[in-house]
1. For region B:118-128, enumerate the residues that are in contact with a strand residue (DSSP E or B) (Cβ under 7 Å, 6 or more places away or on another chain) and surrounded by 24 or more Cβ atoms within 10 Å (Cβ to Cβ).
2. I'm checking my understanding of the structure. Among residues of region B:268-280 that are more than 19 Å from residue B:321 (Cα to Cα) and under 23 Å from the mean Cα position of the chain (by Cα), which one is farthest from the other protein chains (Cβ to nearest Cβ)?
3. Check region B:222-244 and report whether any residue there is touching a strand residue (DSSP E or B) at 6+ places or on another chain (Cβ under 8 Å), free of Cβ contacts under 8 Å to residues at least 40 places away in the same chain and within 9 Å of chain A (Cβ to nearest Cβ).
4. Only one residue in B:248, B:308, B:292 is surrounded by fewer than 23 Cβ atoms within 10 Å (Cβ to Cβ) and either part of a helix (DSSP H, G or I) or more than 8 Å from chain A (Cβ to nearest Cβ) (or both). Which one?
5. Output the number of the condition that residue B:342 fails; it satisfies all remaining conditions of (1) over 29 Å from the mean Cα position of the chain (by Cα); (2) more than 7 Å from every other protein chain (Cβ to nearest Cβ); (3) crowded, with 24+ Cβ neighbours inside 10 Å.
6. Return the total of residues in region A:120-167 being touching a strand residue (DSSP E or B) at 6+ places or on another chain (Cβ under 7 Å) and within 22 Å of residue B:160 (Cβ to Cβ).
7. If you check residue A:73 against the conditions, is it away from chain B (no Cβ under 14 Å) and either under 17 Å from the mean Cα position of the chain (by Cα) or in a loop (DSSP other than H, G, I, E, B) (or both)?
8. Can you pull out every residue in region B:101-119 that is in contact (Cβ under 8 Å) with a residue 40 or more places away in the chain and under 16 Å from residue A:121 (Cα atoms)?
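The values are calculated or read from the model by the stated rules, or taken from the named source; none is laboratory data. Keep in mind that what you see is a predicted model, and the values were worked out from it rather than measured. As a convention, Cβ positions derive from the backbone with ideal geometry for all residues, glycine included, and neighbour counts pool all protein chains shown.
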């Protein structure tokens, strides 16, 4: 089966996120880029399916010319073909992005891609809708947030957890599925995989931008996210202080709660 | 903007789900700001659901009781064949027809898996834009809305303008306290106490394609403390050092009546299963205490504990990002600190 997986280039943020001086972007001068974690799992899932039952995996991204790097990362994981929907670098909203992907599916030739995979949501913008909008544009059924995927000949069985219960869906193909991290544990790229990815030809298409209806005014980091912890001590010596704090918070088992005013002798109730 | 604000309600065992109550709060303030629009709570159910009182599923019983407290003008039960379970496209089709019938000015849902999915389908069906994970929304002129929404699962906030005749919104379920929009406590409908809002029925026209995707729900998972609702979470990260290091954290979690949560590094290494991951791509937790051990505090991880009441970090590195996000910290090796803490709790219990 020929599977299309759509991924997004996003900043690789670590311990801190910084917004550029003009408030328009996340500052990436000190960070690299990666694909959203859910999408890496989508690529892994597609590669596993084709390893089991044949076919090919095409990885597609929409972004600036540099986004080809992320396509190559996914080729190194075992995807067969790469497609870049090249933009001028401005942010594309979910409406424009999904229209471009649906258009590209037609442009990519006779292969109908019975299965199109997405990540559940992009790590950065978190719009939760590109996969669903593509499904509508192509007239296909869609399930999202999937953590278990099983092909059943004509269709697929997909599962996820919701509020502590298991939800199962049976869907006819062609279909669109968005997955979540945890559906599998993605492999590390092999050396031959990296070499193949480096040499691979990437198909470049240039879709039309369109307005989205949701206009970004600016970005900011919430103020409440910068405090500094009160240090209770070093190593095991800090345990009495830690016990006092846990007692104040009220999470110690009742028999272990130090009694107020007993000088911390730990007298049991 | 004369039409009502529609708010999709999800139910859990105790009535309206917490995320939906937050969505109701935002919807109420939006309806007030839009010049006193009606606020209609929308629930889905099987045929006749609106008549079922005192039985399970208790659509017309539990929902209005909660809804009245949140200032709801009326409750609309969207019912029909095939709507006894969760069917995302059919729900969106029902909302699409309800928007058209009532000239609704906004549809609001909690940014849960179900809420996000239904609103995205609704956006695709109507061709309208969607603003996901909002924490504040207000009208900004004709067919225009000013809003604040989460990016990076809440680590970054976006100020945005939504241009749409009907605003399709999901509401973040875990906005930081300082960022959140508190429900308007003094709104007129909320003050008349016990009187329940009227319940009415809406029957959408659905075809087979709308009902092609519907969920079969299996039995509840085994009881026990769940990560999402645990009162105490003992977190372990790279500093735990390997799969065997989690025994001490499990022991501590057991003593505190809590559960173990882990960072993304831990699940990527295969040390622990993904269902224990706390973070943007794992579970969001909201405990009284999050004791984060050997966790550096990447924003991917911290996005999963934005609403933890107290964060205590145990880390060898005094400059780790977690130290600037925690309330208290112990600087040291968790492999010394945690066994010593376990011993202290046991000693206190034995004495």
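1. Result: B:118, B:119, B:120, B:122, B:123.
2. B:276
3. Yes.
4. B:248
5. It is condition (3) that residue B:342 fails.
6. The number of residues fulfilling the criteria is 12.
7. For residue A:73, the condition - away from chain B (no Cβ under 14 Å) and either under 17 Å from the mean Cα position of the chain (by Cα) or in a loop (DSSP other than H, G, I, E, B) (or both) - is met.
8. Listed by number, the residues that qualify are B:110, B:111, B:112, B:114, B:115, B:116, B:118, B:119.
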